[in-house]
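I have placed the structure first, in the form of structure tokens, so that the comments after it can refer back to it.
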Amino acid sequence: DQQVKQNSPSLSVQEGRISILNCDYTNSMFDYFLWYKKYPAEGPTFLISISSIKDKNEDGRFTVFLNKSAKHLSLHIVPSQPGDSAVYFCAARGLSGSARQLTFGSGTQLTVLP
Amino acid sequence: DAGVIQSPRHEVTEMGQEVTLRCKPISGHDYLFWYRQTMMRGLELLIYFNNNVPIDDSGMPEDRFSAKMPNASFSTLKIQPSEPRDSAVYFCASSTRDRGSGGYTFGSGTRLTVV
């Protein structure tokens with residue numbers, strides 16, 4: 001069973017507009033949620049994270065929102081730029097012990113059109 | 001800091017052959033993870049180590065897969081015998097417990113093709 005789901009495999013957005021990437025999770029014991037960005041032929045790189053005790057975290061053009069009651073998080077990119085075109089992975093971290101590893105979603109390919 | 005180093009970058013092998021993927025984590029990181037990326041399943045955890053000791057290998061698909069970490073600066077993932085369905089990109093990542101919300105540092109991956 002997939003504990004972290006990204007239901008949209010792809011998303012296309014015009015340059016300058018907002019990109020919204022969504023992620024759903026099933027395990028209420030996750031304590032941190034992270035977004036990674038991956039370019040072709042490279043490994044994923046950490047983008048932004050949010051603690052389960054918060055509902056918003058902002059870093060420049062990137063904002064992550066967490067809705068714990070809905071077990072849903074989203075990544076907003078404003079304004080979107082062509083260099084943002086990449087695969088975005090949502091990840092969740094367990095609280096302790098062997099569950100502390102990250103569980104990833106299947107990724108969303110974002111394409112920002114010039 | 002050179003980051004997490006994986007080798008080789010690409011591997012093409014024939015079905016039935018043994019394949020060994022290598023990883024050098026970031027110095028000082030005490031966690032090492034092996035992930036596999038496929039179109040169908042995205043990024044899935046295969047196994048992870050803490051202080052060179054395997055902690056959870058429940059993601060290893062079959063007995064054909066094995067992983068070792070003989071010291072803090074080196075890990076291998078071996079597939080023997082390899083099969084076409086093993087074709088994927090394999091990532092190694094490292095981290096520290098104190099890294100908190102910063103997540104992992106990934107290597108550039110090894111693209112494995114089994115023909």
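Coordinate-derived values only; no laboratory data. Keep in mind the model is a prediction, meaning the values are calculated, not measured. FYI the Cβ positions are ideal-geometry reconstructions off the backbone, even for glycines, and counts take in every protein chain you see.
Some points to look at:
- Rounded to whole Hz, the Karplus (6.51, -1.76, 1.60) HN-Hα couplings of segment B:41-58, x for glycine and proline: 10, x, 8, 10, 6, 8, 7, 9, 10, 10, 6, 6, 9, x, 9, 8, 10, 5
- Listed by chain and number, the aspartates and glutamates whose C-alpha is less than 13 Å from the C-alpha of A:LYS68, apart from same-chain residues fewer than 8 away, are A:ASP24, A:ASP31, A:ASP55.
- Shielding of A:28-40 by partner chains, average beta-carbon count, 10 Å: 2
- Rounded to the nearest angstrom and listed largest first, the equivalent-ellipsoid semi-axes of chain A from its Cα gyration tensor are 24, 15, 12.
- Dimensions of the protein assembly as shown along the principal axes, based on C-alpha atoms and rounded to the nearest Å, stand at 49, 38, 37, largest first.
- Checking every one of the GluC sites (Glu not before Pro) in segment A:1-75 against DSSP loop status and a limit of 15 other Cβ atoms within 10 Å picks out A:GLU15, A:GLU42.
- For the residue pairs A:LYS37/B:LYS24; A:LYS71/B:LYS24; A:LYS38/B:LYS78; A:LYS54/B:LYS78; A:LYS37/A:LYS71; A:LYS5/A:LYS38, the alpha carbons lie more than 29 Å apart in A:LYS71/B:LYS24; A:LYS54/B:LYS78.
- Rounded D (µm²/s) - chain B, Kirkwood Rh over Cα pairs, Stokes-Einstein at 10 °C, 1.306 mPa s: 113
- Mean Cβ neighbour count within 10 Å, used as a protection proxy, ranking B:27-37, B:3-13 highest first: B:27-37, B:3-13
- Net +/- balance of residues flanking B:THR38 in space, Cβ distance below 14 Å, scoring K and R +1, D and E -1: +2
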